[in-house]
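The values are calculated or read from the model by the stated rules, or taken from the named source; none is laboratory data. None of the values given here were measured: they were computed from a predicted structure. Cβ atoms come from the backbone with ideal geometry, glycine included; neighbour counts cover every protein chain shown. Ligands, DNA and RNA are stripped out before the accessible areas are found, and what is left, the full protein with its side chains, is counted by its heavy atoms. Shrake-Rupley method; radii C 1.70, N 1.55, O 1.52, S 1.80 Å.
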Amino acid sequence: MLAPAAHADEIRFAAKKLADESYAFSTQVDWNNGLFMNQPGSFQPLAALKAIDKMIVMGAAADPKLLKAAAEAHHKAIAGALSSPGSGAIAKENWQEINEALGRVIASVPESMVMDVYTSVSAITDPKVPAYLKSLVNGPDAEKAYAAFLDFKDVVKKSQVTAARTPPVLTENPAQAGISSAAKKLSEASYPFLKEVDWLSDIYVKPLPGTTSQQVLKAIDKAIVMGVAMNGDLLSEATAAHHKAIGSIDAKGVTSLQDYEAVNAGIGKIIASVPTSKVMDVYNAFAQIVKPEVPNMMFSMVNPLDANAAAKAFYEFKD
């Protein structure tokens, strides 16, 4: 099922060539532009969720070790981006490492899964977007980078697996069984609140008020670091729960109680698989960029009694 190891070296060489040919283009992109926080076309929440679901499916099938390596490459690169507040550009070495790591992740899943992501994202992307983004940089450099990307894609394809990895079937230990039991209680107590949330609102794609791209990136980096430390098999289990939950949503974007419970149990288990310090790093990082008016606004959009009941159940679940 797996391609010869020699192909892995080809990905490394191809990533270097891609970096050589595309780095000039990458430095011209204003990575701090708030444009990247907007939807790439008309607002289509359910179509966007479908695209995210395809990403989840592909991620669940990817090699966990290669996923961690790719996350670590991004963490390393973010440190450089945070030291370049002007444009957010990263070092060429980091650019190459990210491309190589992503190439290996892509090669660890079947081509059909990659194309499912490509097709679903294309469906929510306005066809004018690529041309507009190209207009923001040097055109010839963008074309050179794209040609190099297509060459890189062909190299990755040569080493791509033909069948998806089958995640292991996990058996709960006593502590995990306790989390599942607590997830059931949380889900039952918070489901009325869940059903009142307008999941099709465009508020979730609006930038957080009063924050910069660099501040958001710093918080995302903490989440990446926490993700790297998580148990890979439990992550696969949690992503599978999300995929199933997306499949049961109704016209308002609300999943079933059973699938909601499985999602909460999955998240609880992966959080328990990392040190508390890493969880708190994420909490504190996002607390710095989420202004008090944000939760107040969200609270005003639902029944306050149901919201309070959900919050109380969540704190019990956290403990």
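Before moving on, here are some points about what is shown:
- Complete set of residues in the stretch 301-319 that are open to solvent by less than 80 Å² (accessible area, probe 1.4 Å) and either of a type in the set (S, T, Y) or in contact with a Cys (Cβ under 9 Å, 6 or more places away or on another chain) (or both): none
- Scanning the stretch 149-207 for residues being under 30 Å from Q44 (Cβ atoms) and of a type in the set (D, E, K, R) gives a total of 7.
- Identity of the residue in the stretch 190-208, open to solvent by less than 60 Å² (accessible area, probe 1.4 Å) and of a type outside the set (A, V, I, L, M, F, W, C), that ends up farthest from the chain's Cα centre (by Cα): P192
- Among the residues of the stretch 155-182, the ones that are loosely packed, with under 13 Cβ neighbours inside 10 Å, in a loop (DSSP other than H, G, I, E, B) and touching a residue at least 12 places away in the same chain (Cβ under 8 Å) come to 3 in all.
- A48 vs. criteria buried (at least 19 other Cβ atoms within 10 Å of the Cβ), more than 25 Å from F152 (Cβ to Cβ), among the aliphatic types (A, V, I, L, M) and at pLDDT below 95: yes
- The stretch 285-319 - residue that is outside any helix (DSSP H, G or I), touching a residue at least 40 places away in the same chain (Cβ under 8 Å) and more than 23 Å from the chain's Cα centre (by Cα) and, of those, nearest to I203 (Cα to Cα): M301
- Residue within the stretch 46-58 that is over 20 Å from A19 (Cα atoms) and not in a helix (DSSP H, G or I) present: no
- Within the stretch 35-45, tally of residues that are open to solvent by 70 Å² or more (accessible area, probe 1.4 Å), over 12 Å from D202 (Cα atoms) and of a type outside the set (A, V, I, L, M, F, W, C): 0
- Those helices (runs of 4 or more DSSP H) lying entirely in the stretch 72-154 with at least 1 residues open to solvent by 60 Å² or more (accessible area, probe 1.4 Å) and closer than 26 Å to V282 by Cβ: 92-107
- Qualifying residue in the stretch 14-34 (condition: open to solvent by 70 Å² or more (accessible area, probe 1.4 Å), under 30 Å from D250 (Cβ atoms) and modelled with pLDDT under 95): no
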